[in-house]
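Undergrad: One structure coming up, written as structure tokens, with questions to follow.
The values are calculated or read from the model by the stated rules, or taken from the named source; none is laboratory data. This one's a predicted model, so the numbers in the text were calculated from it and none came from an experiment. Positions of Cβ are generated from backbone atoms using ideal geometry, with glycine treated the same way; all protein chains shown enter the neighbour counts. Ligands, DNA and RNA are excluded from the accessible area calculation, which covers all protein heavy atoms including side chains. Shrake-Rupley method; radii C 1.70, N 1.55, O 1.52, S 1.80 Å.
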Amino acid sequence: MEYLTGPLIAFIGIAALVICTPGPDTAMTIRNALLGGRSAGLATALGVSTGLAIWALATSAGLVALLIASEPLFLAVKYAGAAYLIWLGVQSLRAAFGPSALQQAIAEPAARGLRPRQAYMQGVVSDLSNPKIAAFFSSMLPQFAPAGAADFMGLAALGLLFSTMTLLWLSGYALATARMADALRRPRIRRALDGITGVTLIGLGVKLAAEER
């Protein structure tokens, strides 16, 4: 009971601040909700939370420590993730300067081309290709595990709680974005949105590549 009013509450508060801070996963969820509607947005949120759950279990099993200890492997994952974000950003910028699947998806809901399965995989890849999450989990989870429970089960429970909170938050983003999609059909608005999304994703990719460990 004492734990429920102490470290766990602190963990939930810190996790909420981290989750509510916009980042690559948020941008990905918004992008896919515009491309494929509510189902694609929710599938992306589920994919991101799946990636987080995998990182959490890997952290609990000690596998993340191996990743962090290996400079080449850590950098390979980081640069792959950065390249993926930049590639998605370029696709959005292309949509901002000419007819594209993204514009057609917003203008014609029935013709949306991003399927939930694709959106789910993009969410998973987006999260797993960001080794900063692994570093964050490995430094954060042990600090808040119950006394005597800083083992697989204790760390996994906190990581899965973080994953669930992220799923709820991003699902809210997906639903709100899908609800607003009808108001974003005007050509100028959707081109501007494509441009903003593209610049944001590219910027996040460059930031990820340039950040120190």
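Undergrad: Kindly provide the set of residues from the stretch 13-33 that are without any contact (Cβ under 8 Å) to a residue 12 or more places away in the chain and outside any helix (DSSP H, G or I), ordered by number. Walk me through it before giving the result.
TA: So in the stretch 13-33, the residues without any contact (Cβ under 8 Å) to a residue 12 or more places away in the chain come out as 13, 17, 21-22.
The answer is Thr21, Pro22.
Undergrad: Would you say Leu167 is of a type in the set (A, V, I, L, M, F, W, C) and either at pLDDT below 85 or open to solvent by 70 Å² or more (accessible area, probe 1.4 Å) (or both)?
TA: Details: of a type in the set (A, V, I, L, M, F, W, C): yes; either at pLDDT below 85 or open to solvent by 70 Å² or more (accessible area, probe 1.4 Å) (or both): no.
It is false that Leu167 is of a type in the set (A, V, I, L, M, F, W, C) and either at pLDDT below 85 or open to solvent by 70 Å² or more (accessible area, probe 1.4 Å) (or both).
Undergrad: A further question on this structure: Can you tell me which residue among Leu57, Leu66 is open to solvent by 60 Å² or more (accessible area, probe 1.4 Å), among the aliphatic types (A, V, I, L, M) and modelled with pLDDT of 75 or more?
TA: Details: Leu66 fails: modelled with pLDDT of 75 or more.
Checking each option against the conditions leaves just Leu57.
Undergrad: State all residues of the stretch 1-13 that are closer than 8 Å to Phe144 by Cβ and either open to solvent by 40 Å² or more (accessible area, probe 1.4 Å) or modelled with pLDDT of 85 or more (or both); if no residue qualifies, say none.
TA: Just the residues of the stretch 1-13 that are closer than 8 Å to Phe144 by Cβ, to begin with: 7-8, 10-11.
Hits for the stretch 1-13 are Pro7, Ala10, Phe11.
Undergrad: Let me ask you something else. Could you check how many residues of the stretch 34-52 are closer than 19 Å to Ile19 by Cβ and either open to solvent by 20 Å² or more (accessible area, probe 1.4 Å) or free of Cβ contacts under 8 Å to residues at least 60 places away in the same chain (or both)? Don't jump to the end; show me each part of the working.
TA: Step one: of the stretch 34-52, the residues closer than 19 Å to Ile19 by Cβ are 41-52.
Next cut, either open to solvent by 20 Å² or more (accessible area, probe 1.4 Å) or free of Cβ contacts under 8 Å to residues at least 60 places away in the same chain (or both) only: 42, 46, 50.
Selection size over the stretch 34-52: 3.
Undergrad: Residues being assigned to a helix (DSSP H, G or I) and modelled with pLDDT under 80: count how many of those fall in the stretch 142-164.
TA: So the answer is 6.
Undergrad: Related question: I'd like to verify a number: residues in the stretch 53-62 that are touching a residue at least 60 places away in the same chain (Cβ under 8 Å) and not in a helix (DSSP H, G or I), how many?
TA: Residues of the stretch 53-62 that are touching a residue at least 60 places away in the same chain (Cβ under 8 Å), as a first pass: 53-61.
Next, only the ones that are not in a helix (DSSP H, G or I) stay: 61.
Adding up the residues that qualify gives 1.
Undergrad: Let me ask something else. Within the stretch 93-107, can one find any residue that is modelled with pLDDT of 80 or more, aliphatic (A, V, I, L, M), crowded, with 19+ Cβ neighbours inside 10 Å and on the phi < 0 side of the Ramachandran plot? Before you say what the answer is, go through the steps one by one.
TA: Restricting attention to the stretch 93-107, the residues satisfying the condition of being modelled with pLDDT of 80 or more are none.
No, there is no match, as no residue in the stretch 93-107 is modelled with pLDDT of 80 or more, aliphatic (A, V, I, L, M), crowded, with 19+ Cβ neighbours inside 10 Å and on the phi < 0 side of the Ramachandran plot.
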